[in-house]
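Asks: Just passing along the structure, written as structure tokens.
The values are calculated or read from the model by the stated rules, or taken from the named source; none is laboratory data. What you see is a predicted model, and the numbers here were worked out from it, not measured in a lab. As a convention, Cβ positions derive from the backbone with ideal geometry for all residues, glycine included, and neighbour counts pool all protein chains shown. The area values use the complete protein model at the heavy-atom level, side chains included, leaving out ligands, DNA and RNA. Shrake-Rupley method; radii C 1.70, N 1.55, O 1.52, S 1.80 Å.
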Amino acid sequence: MHFSLHHKIVASVAIIGAAAAIAGLGTFATFTSSTSATHTIASGTLSLTAPFSRLGTGAGPIAAGDTMQRAIDLNYAGTIDFSAVTLTTSAAPSSLLDTDATDGLHIVIDKCSAAWTESGPPYTYTCGGSTSSVLASSSIIGANVALTNLTLTAGATDHLRATITLPGSAGNTLQNQSSTLTYAFTGTQRAGQSK
């Protein structure tokens, strides 16, 4: 097939026109506008410490009816408030002192609105403020036992006194026994809030 010069010119113009149309697709102008903002989000800390504690001070030899008082300060040292604190106690080595739920060791915990005044040893404590019950009398061994009447506010300190008693009902089977007790306080953060 033979093309004339006229057909070649027309074909060339058509190709150039098509190329120009394609190139022009991206050249339409549009209005744009934008804005941006930044903010910093920082997580807090949940920290439960015991800056003062006599709980590690042992006692012996004890007899039925004896009591042992030990003070401990719980400090909510972080930046986040707590919703609760629980106490878990365990014994290793263990003996009838901690496994006998009736005649074995029992614990009571009280709080003073001020620091306890300590005397001794043997240690005893008096409160120059007001007292409230944190844990009613219960067997020395317990898991995740709820503690009440605590402050739980970041930066605050609760002044606690644990009184451990070997009941007067303890019989001869509780003689010559020994237990090493561990006290673990666990705090839980407050509920989520709008910030």
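Asks: Every residue in the stretch 77-92 that is under 20 Å from residue 54 (Cα atoms) and either hydroxyl-bearing (Ser, Thr, Tyr) or open to solvent by 40 Å² or more (accessible area, probe 1.4 Å) (or both), please. Before you say what the answer is, go through the steps one by one.
Replies: Filtering the stretch 77-92 down to residues under 20 Å from residue 54 (Cα atoms) leaves 77, 85-92.
Result: 77, 86, 88, 89, 90, 92.
Asks: Tell me, which residue of the stretch 146-160 that is part of a strand (DSSP E or B) and within 24 Å of residue 128 (Cβ to Cβ) is most open to solvent (accessible area, probe 1.4 Å)? I'd like the intermediate steps shown before the answer.
Replies: Initially, the stretch 146-160 is screened for residues part of a strand (DSSP E or B), giving 146, 157-160.
Still in the list and also within 24 Å of residue 128 (Cβ to Cβ): 157-160.
Working: 157: 52, 158: 4, 159: 33, 160: 1 Å².
It comes out as 157.
Asks: On to the next question. Mind checking which residues of the stretch 99-140 are open to solvent by 40 Å² or more (accessible area, probe 1.4 Å), aliphatic (A, V, I, L, M) and closer than 14 Å to residue 162 by Cβ?
Replies: Passing the criteria: 108, 136.
Asks: Taking the options 110, 73, name whichever one is part of a strand (DSSP E or B), touching a residue at least 40 places away in the same chain (Cβ under 8 Å) and touching a Pro at 6+ places or on another chain (Cβ under 7 Å).
Replies: On the way: 110 fails: touching a Pro at 6+ places or on another chain (Cβ under 7 Å).
Selected residue: 73, the only one of 110, 73 that is part of a strand (DSSP E or B), touching a residue at least 40 places away in the same chain (Cβ under 8 Å) and touching a Pro at 6+ places or on another chain (Cβ under 7 Å).
Asks: For the stretch 58-99, how many residues are under 30 Å from residue 171 (Cβ atoms) and either charged (D, E, K, R) or in contact with a strand residue (DSSP E or B) (Cβ under 6 Å, 6 or more places away or on another chain) (or both)?
Replies: Quick first cut of the stretch 58-99, residues under 30 Å from residue 171 (Cβ atoms) only: 58-70, 87-99.
Retained after the next criterion (residues that are either charged (D, E, K, R) or in contact with a strand residue (DSSP E or B) (Cβ under 6 Å, 6 or more places away or on another chain) (or both)): 59, 66-70, 87-91, 98.
Number of matching residues: 12.
Asks: Oh, and also: Report yes if some residue within the stretch 122-145 is part of a strand (DSSP E or B), under 22 Å from residue 47 (Cβ atoms) and touching a Lys or Arg at 6+ places or on another chain (Cβ under 6 Å); otherwise report no.
Replies: The answer is yes, given that some residue of the stretch 122-145 is part of a strand (DSSP E or B), under 22 Å from residue 47 (Cβ atoms) and touching a Lys or Arg at 6+ places or on another chain (Cβ under 6 Å).
Asks: Return the total of residues in the stretch 38-63 being in contact (Cβ under 8 Å) with a residue 12 or more places away in the chain, open to solvent by 80 Å² or more (accessible area, probe 1.4 Å) and over 25 Å from the mean Cα position of the chain (by Cα).
Replies: Residues meeting the conditions: 0.
Asks: Right, another one. Among the residues of the stretch 161-195, write down those that are of a type in the set (Gly, Ala, Ser), within 19 Å of residue 82 (Cβ to Cβ), in contact (Cβ under 8 Å) with a residue 40 or more places away in the chain and open to solvent by 40 Å² or more (accessible area, probe 1.4 Å).
Replies: Selection gives 184, 191.
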